[in-house]
1. Please turn the phi angles of the stretch A:52-65 into ³J(HN,Hα) values with the Karplus equation 6.51 cos²θ - 1.76 cosθ + 1.60 (θ = phi - 60°), one per residue in order, whole Hz, x for glycine and proline.
2. About its Cα centre, what dipole magnitude does chain A give when the only charges are +1 on Lys and Arg Cβ and -1 on Asp and Glu Cβ, stated in debye to the nearest 20?
3. Taking the Cα centroid of the stretch B:32-74 and of the stretch A:1-63, what is the distance between the two, rounded to the nearest whole Å?
4. Are there any residues in the stretch B:58-104 with a reduction of at least 20 Å² in accessible surface when going from the isolated chain to the assembly of protein chains? Probe 1.4 Å, please list them by number.
5. For B:Lys93, enumerate residues with amide H under 5 Å from its amide H, sequence gap 5+ or separate chain, H modeled in the peptide plane.
6. Would you work out the relative contact order for chain A, in percent, from Cα pairs under 8 angstrom that are 6 or more residues apart?
7. Short version: ³J(HN,Hα) in whole Hz for each residue of the stretch A:77-90, in order, from phi by Karplus 6.51 cos²θ - 1.76 cosθ + 1.60 (θ = phi - 60°), x for Gly and Pro, what are they?
8. Specify which residue in the list A:Gly50, A:Ser95, A:Cys9 is farthest towards the positive end of the charge dipole of chain A, using unit charges on the beta carbon of Lys, Arg (+1) and Asp, Glu (-1), about the Cα centre.
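The values are calculated or read from the model by the stated rules, or taken from the named source; none is laboratory data. In this text the structure is predicted, and so the values were computed from the model without any measurement. Cβ atoms come from the backbone with ideal geometry, glycine included; neighbour counts cover every protein chain shown. Heads up: the accessible areas ignore ligands, DNA and RNA and are worked out on the full protein's heavy atoms, side chains in. Shrake-Rupley method; radii C 1.70, N 1.55, O 1.52, S 1.80 Å.
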Amino acid sequence: MTIYALIDCNNFFASCERAFFPKLKNCPVVILSNNDGCVIARSNEAKALGIPMGIPYFKCKELCKAHNIKVLSSNYQLYGDVSNRVMNTIRELSSHLEIYSIDEAFLKA
Amino acid sequence: MIRPDLTISVPILYSSKVQAGFPSPAEGSMDTKLDLNEYLIDHPVATFFVRMAGDSMIEASILENDILVVDRSITPIAGKIVIAVINGEFTVKRLKYINNQAYLAPENKNYTPILIKTSSEGDEVCIWGVVTSVVRKL
């Protein structure tokens, strides 16, 4: 029987930002898409405050303000770099790696 | 932050030391090029470059604006120069243990070591990575 592992990074864009901006560690964080259109990543704290995935920013701007949520534009250079590091790290676990998205991969045991 | 995977120019390093006088005739076929990424970076996936700010490490020959090579996969043991995060702010210090207590010690007599408290009453401190090299243009 073949076993596959699905690897999915938690709150990936928010986690990338936190790795390099530790001040974001204990506060709710959301990341916006290109041109600050929609929310595309949320830290656990932001999820708990009820910010839905993909919501247009103008619809949750007040909620973000009210809860002092840190709102960041996306930094794809950073996320791409961290993604490469993640994939290169898990590639050491198995030679059968299928990269599925910037923060997801399948691994054949 | 500077990405280590950026291409940098490759200088040529001769494998024998430069001496006055006649060079070894066998040397010509043994020359190798020095790849600075390879030389400075043991763990590429865990290595980051940061730029030094401030003068707290001048006695360890780390000056303002130096580029520090930081390896996040190395265990920070006593004596290592580390990047620490204190209350959300990055700082470069030497990790020291004095009388069983951990300190982040500057390499500058004008500053005092910072005690890392184990209880929750103190600052929030974590070690972000270990500094393995310093890069400076002269």
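1. Each residue of the stretch A:52-65 in turn: x, 5, x, 5, x, 4, 4, 7, 10, 4, 5, 4, 5, 5 Hz.
2. 360 debye
3. Each part reduced to its Cα centre gives a spacing of 30 Å.
4. Checking the loss per residue gives B:Gly88, B:Glu89, B:Phe90.
5. Under 5 Å from the amide H of B:Lys93: B:Val82, B:Ala84.
6. Contact order relative to length: 34 percent.
7. Values per residue, Gly and Pro as x: 4, 5, 5, x, 5, 5, 4, 4, 5, 4, 5, 5, 5, 6 Hz.
8. Value computed over the given set: A:Gly50.
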